[in-house]
Structure formats: structure tokens, C-alpha cells
Amino acid sequence: MSQGGTHPPEELLKEPPGDAAESPGQWLVVAQTKRVNRDWEAVIDRAPESALRWYEYLSMGGDRIYYVPDESEQKVVVSYAGPHCKPAPRP
């Protein structure tokens, strides 16, 4: 799944428990690194219903939201909201 080069290999993002595995979407959802997948698993543990909704939404295509949380100011900065675009913005 990796594009080669010096980037770490991607891996399938862990599917949250629920209906997502029964009705796969059109998009393959991958974690950029193993660390991202571990962090995603922690999100599943903290908020399984929300994780399932996001996983299903991401795998069906559609809109994207790119954001960066700023803990020091307790705010979230949204940098893009709209249809999946090419090239996709990178955080």
C-alpha cells in the first residue's frame, strides 16, 4: 500500500466494531503509520459509536474535513471542508 521511497508503510485502519465490516465502502481507509493505527484504536476505545460513524463516512467517499486541534488555545482550526479534492491537503 505504500508509495515506496522513505515513507513508512501504510496499513489498513482498524475497523471499529459494528456494521462497517458488513457493508464496505468504495474507499480503502488506511493509517499512514502503525502509530496512527494505535491512536485510532484508542479513539475506538474512547468513542466506539463515533469511530464507527467516521470510518463508515470515510470509506463511502464524499466530503472531507481537514483540521488541526490546538490544545494550548483549546480550539480546532479547520483548513478544508468539501468534496474529496486532488491533490488533497496535507497537515
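Points worth noting:
- The lone criterion from (1) under 15 Å from the mean Cα position of the chain (by Cα); (2) surrounded by 11 or more Cβ atoms within 10 Å (Cβ to Cβ); (3) modelled with pLDDT under 85 left unmet by PRO89 is number (2).
- Number of residues in region 42-69 that are in contact (Cβ under 8 Å) with a residue 12 or more places away in the chain, closer than 15 Å to VAL30 by Cβ and among the aromatic types (Phe, Trp, Tyr): the value is 1.
- Only one of the numbered conditions (1) surrounded by 12 or more Cβ atoms within 10 Å (Cβ to Cβ); (2) part of a helix (DSSP H, G or I) is not met by ALA42, and that is (1).
The values are calculated or read from the model by the stated rules, or taken from the named source; none is laboratory data. What you see is a predicted model; the values in this text were computed from it and never measured. Cβ: placed from backbone, ideal geometry, glycine included. Neighbour counts: every protein chain shown.
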